[in-house]
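The values are calculated or read from the model by the stated rules, or taken from the named source; none is laboratory data. Please read these numbers as outputs of a predicted model, since none were measured by experiment. Here Cβ is always computed from backbone atoms with ideal geometry, including for glycine, and neighbour counts include all displayed protein chains.
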Amino acid sequence: MQSQTAPVPITIDQVTGAFEEVLRKRRAAVLTITPDTRLESLNLTSVDFAEVCVALQEVVDFEFDPESAVDVETVSDLIWLRPL
């Protein structure tokens, strides 16, 4: 992802919290999620990822532009999501 100021105030704690909330519902054991955790290592289904985005949107109270998620590779990349 680009090195710049995040367009909206999304904290890494909000992002990791959204992942943990969704994964806790789906799996018996929740992995430790850090800012550097690669999304591919979480073996998320498209439904899992969609639920993470919805959970995060509810926390920050805006809808994400799907185009801004194209280059997301790590958990910390999600702070760069832009609102619609």
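Quick notes
- Selection within region 54-84: residues that are outside any helix (DSSP H, G or I) and among the β-branched types (Val, Ile, Thr). The member of this set that is farthest from the chain's Cα centre (by Cα) is 70.
- Entry remark, region 15-64: residues being of a type in the set (Asp, Glu) and surrounded by 13 or more Cβ atoms within 10 Å (Cβ to Cβ) number 4 in total.
- Residue in region 39-53 that is more than 11 Å from the chain's Cα centre (by Cα), within 17 Å of residue 11 (Cα to Cα), part of a loop (DSSP other than H, G, I, E, B) and without any contact (Cβ under 8 Å) to a residue 12 or more places away in the chain present: no
- Residue within region 67-80 that is surrounded by fewer than 14 Cβ atoms within 10 Å (Cβ to Cβ) and at pLDDT below 85 present: yes
Let's see how each residue does on (1) of a type in the set (Lys, Arg); (2) under 17 Å from residue 71 (Cα atoms); (3) out of contact with any strand residue (DSSP E or B) (no Cβ under 8 Å at 6 or more places or on another chain); (4) at pLDDT below 85:
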position	(1), (2), (3), (4)
3	no, yes, yes, yes
6	no, yes, yes, yes
16	no, no, yes, no
19	no, no, yes, no
25	yes, no, yes, yes
29	no, no, yes, yes
34	no, no, yes, no
39	no, yes, no, no
54	no, no, yes, no
